[in-house]
Amino acid sequence: MDFADQTKALDATLTSIEKVLDLDSIRAEIATLEDEVAAPDLWDDQANAQRVTGRLSTLQAEVERVTSLRQRLDDVDLMHEMA
């Protein structure tokens, strides 16, 4: 398997992961949680505040991880073309 085939296989795998994760849905949930975090009375209920901020942090990290992988894969493909 040559380099181009390997990157195509990685792209297909990452695309499948993106579909399974449903990044649009995750981003929508992030937006909702960000609205909740912005509420002035969030910390009136500490248990809920910790749940909301923890979930927000987890989802943001998940999106960042997949976005970073996508960017790296795109960069590798571009660098290979340039070489």
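The values are calculated or read from the model by the stated rules, or taken from the named source; none is laboratory data. Everything numeric in this text was worked out from a predicted model, so none of it was measured. All Cβ positions, glycine included, derive from the backbone under ideal geometry; neighbour counts span all protein chains shown. Accessible surface areas use protein heavy atoms only, side chains included; no ligands, DNA or RNA. Shrake-Rupley method; radii C 1.70, N 1.55, O 1.52, S 1.80 Å.
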Notebook entry, point to check: Zone of residue 77 (label point 7 Å along Cα→Cβ, backbone N under 11 Å): which residues in region 14-30?
Noted result: 14-15
Check: What shape does region 1-64 take by its C-alpha gyration tensor, where a ≥ b ≥ c are the square roots of the eigenvalues and a/c under 1.5 counts as rounded, a/b above b/c as prolate, and the rest as oblate?
Finding: prolate
Checklist line | Percent RCO, i.e. relative contact order, over the chain, from Cα pairs under 8 Å lying at least 6 residues apart | finding: 39 percent
Next item on the list: Provide the per-residue ³J(HN,Hα) series for region 66-81, in order, calculated from phi with Karplus coefficients 6.51, -1.76, 1.60 and θ = phi - 60°, each as a whole number of Hz, with x at glycine and proline positions.
Entry: 5, 4, 5, 4, 4, 5, 5, 5, 5, 5, 4, 4, 5, 4, 5, 4
Note to self: Through the Karplus equation 6.51 cos²θ - 1.76 cosθ + 1.60, θ set to phi - 60°, convert the phi angles of region 26-35 into ³J(HN,Hα) values in whole Hz; use x for Gly and Pro.
What the structure shows: 5, 5, 5, 5, 4, 4, 5, 5, 5, 5
Next item on the list: With a probe of 1.4 Å, find how much accessible area the chain has per residue, and write the answer as a whole number in Å².
Entry: 72 Å²
Next item on the list: Report residue 58's accessible area, 1.4 Å probe, all protein chains in place, as a number in Å² to the nearest 10.
Entry: 80 Å²
